[in-house]
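Before any comments, here is the structure.
Quick note: the coordinates plus some simple rules give every number you see, no bench work behind them. These numbers come from a predicted model, not from an experiment. Reconstructed Cβ throughout: ideal geometry from the backbone, glycine too, with neighbour counts over all protein chains shown.
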Ligand SMILES: [Zn+2]
């Protein structure tokens, strides 16, 4: 198997504090995660870049939680990609999809994949399931459709946290994801003017994250690019992977929940069923024998 950019250690995320806790920082290499999303959903290069950037920030949002909390990101937009969906847990497991995986546009004026053109205008939603009765939900309008800037705007306006968000995906001519990763820097309340100005300066000089990953930087290396002379204290390093929570049993339960009548109709009309998980494109097939067994389960349930 070819190894792209991230070395042999696989995808990972690092959480750290900079400048004696004045800045919260995260960095991640997500090449394999985004490549898995790409082949699972047959994503075009533009769709892979848009979803890959979103998955990377969603992994950051997940890492801020405690298990078994989860976070969902929804981007609903008027561009040809239509919508992006991503979820992450506190342990580096992410999954996601887009409504139009084949969206493809010419590269933009800077020679880059035109993510903003694919996304257009819309709204970014962040929904945190913290295990309380109601999930916590924040949203902002998209400011550029480039994803990174949109999340920076979200953090500032919805969570009152000035943030730098840099995310990138590099796609090879054969459409495979060559490198992906990102960086999140958040200024904590009480940070000094000096630290903020150092951070702003570094942020302006950051290379594209995908190039840095492609050149072999791991998450600590990405952090070092942002930190410069500021001290870095690494708190945690965790693996990141594309991992869906779907299973055949879950789909069986969903079929049984449809009820006896629907199942009998399915069995008599089609003789089989094929269900596809939106999040990972896994296909679950149920033949006549399977459906008959589920029908039996449904009829017991209704008694
Ligand atoms: Zn799935």
Mean separation of Cα contacts under 8 Å (6+ apart) over length of segment 248-302, as relative contact order %: 42 percent
Over the chain, relative contact order from alpha-carbon pairs under 8 Å, at least 6 apart, %: 23 percent
Directionally averaged projected area (convex hull, Cα atoms, segment 1-139), nm²: 10.4 nm²
Degrees separating the helix 288-302 axis from the principal Cα axis of the chain, which is the longest one: 90 degrees
Between helix 148-159 and the chain: long-axis angle, C-alpha atoms, 0 to 90°, nearest 10: 90 degrees
Nearest 10 degrees, 0 to 90: helix 45-63 Cα axis against the chain principal axis: 80 degrees
Three-way shape call for segment 84-139 based on the alpha-carbon gyration tensor, with the a/c threshold at 1.5: prolate
Overall dimensions of segment 248-302 by Cα: Rg and Dmax, Å: 10.8, 32
Label-point separation in nm, residue 268 to residue 287, each point 7 Å along Cα→Cβ: 2.3 nm
Shape category assigned to segment 7-242 from the gyration tensor of Cα positions, a/c cut at 1.5: rounded
Mean-position separation - Cα centroids, segment 196-228 and segment 112-173, in angstrom: 20 Å
Pair residue 136, residue 246: separation of 7 Å Cα→Cβ label points (nm): 3.0 nm
Whether segment 181-303 is rounded, prolate or oblate, judged on the alpha carbon gyration tensor where a/c under 1.5 counts as rounded: prolate
Per-residue [θ]222 nm for the chain (sum of -39500 (n - 2.57) over DSSP H runs n ≥ 4, rounded to 500): -11000 deg cm²/dmol
Inter-label distance, nm, simple model (7 Å from Cα along the C-beta direction), residue 121/residue 192: 4.4 nm
Beta bridges per DSSP with both ends in the chain, % antiparallel, nearest 5: 95 percent
